[in-house]
Amino acid sequence: MRVAFLGPPGTVSDEALNGAAPEAEGVPLASLRDVVLAVQEQRIERALVPIENALEGGVDPVLDCLALEADGVSVVGEVVQPVSYCLAAGRELALEQVTMVLSHPQALGQCKRWIAEHLPHAAVVPAASTAEAVRIVAEDPDGTRAAIGPRLAARRYGAVMLAEDCEDDPGNATRFGWVARTEAAPPAPDEGPAKTMLVFWGSGSGSPGWLVSCLAVFAFAGVNLTRIESRPLRRKMGEYMFFLDLEGSTARPAVAGAVADLHKHAQVVRVLGSFGSA
């Protein structure tokens, strides 16, 4: 099976894929949007994409693409990957010699306090991915730039590790979602632990109590919400979409009934996935 992930090789996504499906043929792509749309456009069978980080919250490019562009795909499972970063460079450097630190914005956010404490004079520069940042500094053996990235990337690109465990919290982890074409998704499980992900928005969102009415349908049905997040709808100021994770699958009457009732309040309701969970 061919599985797309955020490349180049050596990213946290690559680590997660190697741990969850070592037999899969990994296909690295340049951006998270590309990864999701590769499945939408049927260029690849599946993808593994980061959905949420324990420190930085939702991964916006993935959530936006799932909600607004990739209506032909579904999340069919999830993997939680522990995340630990190192500081890598093209040569041995003292930390005070580092003038610039590169990484993906999510990783920079997850290491914000560490960077402020250990690299206070270094410029912080975003990169397309953690592995790309490590590759860039590894190819500059005379420079003073360093990168925050996985140890896998440092080993793969021959970089020198200047420091390890750079994340601000030792419990750092990222939740990844398996993404497949909706027609190829397995049916929602009717027994056992399960999770449903959905997004909704609506023209009544400016009315007093509208969001309370939307969320109340789950409380009345006895369905537990485990995550709530809002994102701009990207149409005009003040319009938002709301992402929910809830316990149970759409094959259960309580969940199916609550989702049906949500349609009465929201203009758009999209179930992003309903799958078994550990």
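The values are calculated or read from the model by the stated rules, or taken from the named source; none is laboratory data. A quick note: this is a predicted structure, and the numbers were derived from the prediction, not measured. Neighbour counts run over all protein chains shown; Cβ positions are idealised from the backbone, glycine included.
For the structure I just gave you, tell me whether residue 223 is surrounded by 12 or more Cβ atoms within 10 Å (Cβ to Cβ), in a loop (DSSP other than H, G, I, E, B), in contact (Cβ under 8 Å) with a residue 12 or more places away in the chain and not assigned by TED's automatic domain parsing to the domain that holds residue 16. Please lay out each step first, then the result.
Numbers: surrounded by 12 or more Cβ atoms within 10 Å (Cβ to Cβ): yes; in a loop (DSSP other than H, G, I, E, B): yes; in contact (Cβ under 8 Å) with a residue 12 or more places away in the chain: yes; not assigned by TED's automatic domain parsing to the domain that holds residue 16: yes.
Answer is yes for this residue.
Would you mind stating whether residue 234 is surrounded by fewer than 17 Cβ atoms within 10 Å (Cβ to Cβ), outside the structural domain of residue 67 (by TED's automatic domain parsing) and in contact (Cβ under 8 Å) with a residue 40 or more places away in the chain?
On the way: surrounded by fewer than 17 Cβ atoms within 10 Å (Cβ to Cβ): yes; outside the structural domain of residue 67 (by TED's automatic domain parsing): yes; in contact (Cβ under 8 Å) with a residue 40 or more places away in the chain: yes.
Considered against the rule, which asks whether it is surrounded by fewer than 17 Cβ atoms within 10 Å (Cβ to Cβ), outside the structural domain of residue 67 (by TED's automatic domain parsing) and in contact (Cβ under 8 Å) with a residue 40 or more places away in the chain, residue 234 comes out as yes.
Selection of region 173-190 for residues being under 22 Å from residue 3 (Cα atoms) and surrounded by 14 or more Cβ atoms within 10 Å (Cβ to Cβ) yields 173, 174, 175, 176, 177, 178, 179, 180, 181, 182, 185, 188.
In region 188-195, is there at least one residue being within 22 Å of residue 68 (Cα to Cα) and small (Gly, Ala, Ser)? No, every residue in region 188-195 fails to be within 22 Å of residue 68 (Cα to Cα) and small (Gly, Ala, Ser).
Rundown of residues vs (1) free of Cβ contacts under 8 Å to residues at least 24 places away in the same chain; (2) under 18 Å from the mean Cα position of the chain (by Cα); (3) in a loop (DSSP other than H, G, I, E, B), yes/no style:
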site: 161; (1), (2), (3): no, no, no
site: 179; (1), (2), (3): no, yes, no
site: 192; (1), (2), (3): no, no, yes
site: 196; (1), (2), (3): no, yes, no
site: 199; (1), (2), (3): no, yes, no
site: 228; (1), (2), (3): yes, yes, no
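If you scan region 66-120, which residues turn out to be among the acidic types (Asp, Glu), surrounded by fewer than 15 Cβ atoms within 10 Å (Cβ to Cβ) and within 29 Å of residue 270 (Cα to Cα)? Those that are among the acidic types (Asp, Glu), surrounded by fewer than 15 Cβ atoms within 10 Å (Cβ to Cβ) and within 29 Å of residue 270 (Cα to Cα): 69, 71. Within region 82-96, being modelled with pLDDT of 95 or more and assigned to a strand (DSSP E or B) holds for 86, 87, 88, 89. Selection of region 97-110 for residues being at pLDDT 95 or above and either of a type in the set (Asp, Glu) or not in a helix (DSSP H, G or I) (or both) yields 98, 99, 100, 101, 102, 103.
If you check residue 212 against the conditions, is it out of contact with any helix residue (DSSP H, G or I) (no Cβ under 6 Å at 6 or more places or on another chain), among the β-branched types (Val, Ile, Thr) and farther than 24 Å from residue 77 by Cα? Criteria met by residue 212. Take the conditions surrounded by 20 or more Cβ atoms within 10 Å (Cβ to Cβ) and farther than 19 Å from residue 272 by Cβ and apply them to residue 29. Does it pass? So residue 29 fits the description; yes. When the criteria are applied in full, residue 170 meets the requirement of being under 30 Å from residue 97 (Cβ atoms) and surrounded by fewer than 16 Cβ atoms within 10 Å (Cβ to Cβ). Which of the residues belonging to region 124-176 are of a type in the set (Val, Ile, Thr), modelled with pLDDT of 95 or more and closer than 30 Å to residue 227 by Cα? Selection gives 148 alone.
Return the residues of region 111-127 that are among the hydrophobic types (A, V, I, L, M, F, W, C) and not in a strand (DSSP E or B); say none if nothing qualifies.
Step one: filter region 111-127 for residues among the hydrophobic types (A, V, I, L, M, F, W, C), giving 111, 114-116, 119, 122-125, 127.
Answer for region 111-127, where residues must be among the hydrophobic types (A, V, I, L, M, F, W, C) and not in a strand (DSSP E or B): 111, 114, 115, 116, 119, 122, 127.
Selection of first residues in region 98-113 that are in contact (Cβ under 8 Å) with a residue 60 or more places away in the chain and over 19 Å from residue 61 (Cβ atoms) and of second residues that are assigned to a loop (DSSP other than H, G, I, E, B) and β-branched (Val, Ile, Thr), restricted to Cβ pairs under 7 Å at least 6 apart or on distinct chains, gives the following pairs, ordered by first then second residue: 98/144.
Could you tell me which residue of region 128-142 is surrounded by the most Cβ atoms within 10 Å (Cβ to Cβ), considering only residues that are out of contact with any Ser or Thr (no Cβ under 6 Å at 6 or more places or on another chain) and not in a helix (DSSP H, G or I)? Spell out how you get there, then give the answer.
Within region 128-142, the first condition is being out of contact with any Ser or Thr (no Cβ under 6 Å at 6 or more places or on another chain), and the residues that meet it are 128, 132, 134-142.
When the remaining residues are screened for being not in a helix (DSSP H, G or I), the result is 128, 139-142.
Numbers: 128: 18, 139: 12, 140: 13, 141: 12, 142: 6.
Filtering first and then ranking leaves 128.
Once region 41-56 is narrowed to residues that are out of contact with any strand residue (DSSP E or B) (no Cβ under 7 Å at 6 or more places or on another chain) and in contact (Cβ under 8 Å) with a residue 40 or more places away in the chain, the residue that is farthest from residue 231 (Cα to Cα) is 55.
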